[in-house]
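Coordinate-derived values only; no laboratory data. None of these values were measured; they are calculated from a predicted model. Here the Cβ positions follow ideal geometry from the backbone for every residue, glycine too, while neighbour counts run over all protein chains shown.
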Amino acid sequence: MARVKVRSGAAARAGYDEDFFAWTEEQARILRGRDTLGLDWDNLAEEIASMGRRDRRELESRLRLILHHLLKWRAQPGLRGRSWQSTLREQRRQAEKLLKESPSLQLQVPALIDEAYPDARADALDETGLRPRTFPAECPFTIEQILDQQYLPEEAAIASDPD
């Protein structure tokens, strides 16, 4: 059996800062060889944690786009089109894949919607030029509606209170 050639921990950490791709390749090779001497423990732990944060950010981004398009669909029935439907379908599909790959993210969905909705509302306001009262301050959709491939909202009644 061939012995894995490793660098010292300090050299591995330096590699992390100098060439991230080479660092990942080297760390993977060391892990496969089950030789822990050259592992960059601190940076490995941070990278593993960041993978989870990346998936959470990606799910939040997809939820924001879904919400943005649901708001436009609801507020602008005359402009509804296939591209909005296509965007909704694709973003829901990708959100579903993320949730299937990481089921524990399902617990994060309510908080992610709370985080995503203000940005989705702001994006809808910017894109449409409609008055702020057009889009509710609180998310008008349930989690089930947001993730349901078939759901499309009906036209909303616009509040009559001033902006």
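The figures follow:
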item	result
Relative contact order for the chain, counting Cα pairs under 8 Å that sit 6 or more residues apart, in percent	24 percent
Ranked Lys72, Lys100, criterion: other C-beta atoms within 10 Å, fewest first	Lys100, Lys72
Helix 82-101 axis, angle to the chain major axis (alpha carbon atoms, nearest 10°)	40 degrees
At most 14 other Cβ within 10 Å, DSSP loop - GluC sites (Glu not before Pro), the range 79-148	Glu138
Size-normalised alpha-carbon gyration radius of the range 73-118, reference 2.2 N^0.38 Å	1.41
5 Å binning of all Cα-Cα separations within the range 43-150, expressed as whole percents from 0 upward	2, 12, 23, 23, 17, 11, 6, 4, 2, 1, 0
Choice from Ile143, Ile30, Ile113 showing the highest fluctuation, given a GNM over the chain with Cα pairs closer than 10 Å	Ile30
